[in-house]
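Written below as structure tokens is the structure these notes are about.
The values are calculated or read from the model by the stated rules, or taken from the named source; none is laboratory data. Nothing here was measured: the structure is a model prediction, and the numbers come from that model. When we count neighbours, we look across all protein chains shown, and the Cβ atoms used for this are built from the backbone with ideal geometry, even at glycine.
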Amino acid sequence: MLRPDTFALTALLAFLTSFGPMSVDLYVPSMPAIAVALAAPPAHVQLTISLYLVGLAIGQIIYGPISDRLGRKPIIVLSFALYCAATLICLASTSIGMLIAGRFLQALGVSGSIVVVRAVVRDLYEGARAGRQLSSMGMLMGFAPIIAPITGGTLQTVFGWRAGFVFLIAIGALAGFLAWRFLPETHRMRAAPSFAGLLRNYARVASHRVFIANMAVGCVAYGGLFAWIAGSPFVLQFVFGFSPFAFALAYAASCLGFILGSMLATRLVLRLGLDRTAGLGALACAIAAIGMLIAATGFFPEPILIGAMAFYLGGLGLLQSQTVAAALTPFPNDAGTASALIGFLQQCAGAIVGALVGTLTGASVWPMSLAVAITGGGALTLWITTRRARVGK
């Protein structure tokens, strides 16, 4: 078993939790081709993203409290078994409805790993150390949105859209094996509460001022990421004429920002603390929002659009891990429950923004750019106005 405070454990946790975004990022270069192959309008194809996020949200609400009672490791292994089974449904899909159902079940499976890994971090670390660990994981996870779309674009170009699901089945099985073989159990199991007790635990977490304030900032900023995920495949490929592979390269370039932001956060958080590091991230998101609006006016749209989004994701890399760590801090004994609610709120924010952008995106950059501008400006505004609540004053 791997020990805490080792790079090997950090890398394993990052790999296990990367499947949520990886399963989106590897898939997005194929979305226009799927629309053609399954004779589905873009809005219906967008549902494979939005309902995937809904599945992530629902699954985390279920798995988090269970892991507080049954342990972290068995839930992670089970989640990857379900993920691989659901990905088989996606692979065999012959209609957009079947693919949407498969993607929803895929998310229900992998959500267990995402929520429980955050709880593992809270079991092992606290405060700024937890923020640093999450940022280190985020830095490693940041390579997934770079590698995944390039891999997905290559598989799409050479083999077609089903090849991406074959790849996900293979690495999902590998992740389940690695978790079973090397992941330590970090939580002392307890007797399961009644359903009423479970609801009381959720109500206690959801009503905590520190939790609410940090999640408000984090969820609004997180919504901007899914405006990009939902809008960029159609904006860059249909509006600007990028090929699937060129889109994958542009998308990967934007994701470099998240790696750099997370890397910077690991250096700053022990010095500045969780809240001020998150504030720098919110400021970066707001500055990037201005760039997105400039790009939408047609002023060098492609480079400014991609550059502004890279800057936004850099801000998100600074902000996200810190708001999550701060929201988890008051709940050492119910980290799974708190982590579940964090994941639920984040994925709901992403699903709402992504669905709106997917519905409105046509032959215009404006819906995506406006959504990123609103979320970036909103994150900074919330960080400024909720400080007293965030730090527990």
- Query: Got at least one residue in the stretch 253-261 being touching a Leu at 6+ places or on another chain (Cβ under 8 Å), under 25 Å from Glu126 (Cβ atoms), in a helix (DSSP H, G or I) and of a type in the set (Ser, Thr, Tyr)?
  - Reply: no
- Among the residues of the stretch 114-149, write down those that are part of a helix (DSSP H, G or I) and touching a Phe, Trp or Tyr at 6+ places or on another chain (Cβ under 6 Å). Val115, Gln133, Pro149
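Could you please find all residues in the stretch 77-97 being among the small types (Gly, Ala, Ser) and either closer than 19 Å to Val116 by Cβ or touching a Lys or Arg at 6+ places or on another chain (Cβ under 9 Å) (or both)? Before the answer, list the steps.
Narrowing the stretch 77-97 to residues among the small types (Gly, Ala, Ser): 79, 81, 85-86, 92-93, 95, 97.
Listed by number, the residues that qualify are Ser79, Ala81, Ala85, Ala86, Ala92, Ser93.
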- Task: Residue by residue through the stretch 152-164, note down the ones that are buried (at least 22 other Cβ atoms within 10 Å of the Cβ) and either modelled with pLDDT under 85 or in contact with a Leu (Cβ under 7 Å, 6 or more places away or on another chain) (or both).
- Result: Gly152, Gly153, Gly164
- Query: Which number in (1) crowded, with 22+ Cβ neighbours inside 10 Å; (2) at pLDDT below 90; (3) over 20 Å from Ile146 (Cα atoms) marks the one condition that Phe234 misses?
  - Reply: (3)
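Which residue out of Leu70, Leu82, Leu88 is surrounded by fewer than 23 Cβ atoms within 10 Å (Cβ to Cβ), in contact (Cβ under 8 Å) with a residue 60 or more places away in the chain and within 16 Å of Ala173 (Cα to Cα)?
Working: Leu70 fails: within 16 Å of Ala173 (Cα to Cα); Leu82 fails: in contact (Cβ under 8 Å) with a residue 60 or more places away in the chain.
Every option except Leu88 fails the conditions.
With respect to Val217, is the statement that it is within 25 Å of Leu140 (Cα to Cα) and in a helix (DSSP H, G or I) true?
Yes: the conditions hold for Val217.
Can you tell which of Ala308, Ala327 is within 21 Å of Ala252 (Cα to Cα), in contact (Cβ under 8 Å) with a residue 12 or more places away in the chain and either of a type outside the set (Asp, Glu) or surrounded by fewer than 18 Cβ atoms within 10 Å (Cβ to Cβ) (or both)? Talk me through it step by step, then tell me what you get.
Values: Ala327 fails: within 21 Å of Ala252 (Cα to Cα).
Sole residue among the options that is within 21 Å of Ala252 (Cα to Cα), in contact (Cβ under 8 Å) with a residue 12 or more places away in the chain and either of a type outside the set (Asp, Glu) or surrounded by fewer than 18 Cβ atoms within 10 Å (Cβ to Cβ) (or both): Ala308.
Before we move on, is Ala379 under 30 Å from Val45 (Cβ atoms) and surrounded by 24 or more Cβ atoms within 10 Å (Cβ to Cβ)?
Details: under 30 Å from Val45 (Cβ atoms): yes; surrounded by 24 or more Cβ atoms within 10 Å (Cβ to Cβ): yes.
Criteria met by Ala379.
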- Query: Has the stretch 166-184 got any residue that is of a type outside the set (Gly, Ala, Ser), over 30 Å from Ala37 (Cβ atoms), without any contact (Cβ under 8 Å) to a residue 24 or more places away in the chain and surrounded by fewer than 22 Cβ atoms within 10 Å (Cβ to Cβ)?
  - Reply: yes
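Out of everything in the stretch 1-41 that is of a type in the set (S, T, N, Q) and part of a loop (DSSP other than H, G, I, E, B), what residue ends up being farthest from Leu108 (Cα to Cα)?
Quick first cut of the stretch 1-41, residues of a type in the set (S, T, N, Q) only: 6, 10, 17-18, 23, 30.
From what's left, part of a loop (DSSP other than H, G, I, E, B): 6, 18.
On the way: Thr6: 30, Ser18: 15 Å.
Here the residue is Thr6.
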- Only one of (1) under 30 Å from Leu318 (Cα atoms); (2) surrounded by fewer than 13 Cβ atoms within 10 Å (Cβ to Cβ) fails for Leu199. Which number is that? (1)
- Message: Step by step: first the residues of the stretch 243-264, then only those that are farther than 14 Å from Leu140 by Cα and not hydrophobic (A, V, I, L, M, F, W, C), then the one that is farthest from the chain's Cα centre (by Cα). Which residue is that?
- Response: Ser243
- Ser79 being outside any helix (DSSP H, G or I), modelled with pLDDT of 90 or more and among the small types (Gly, Ala, Ser): no
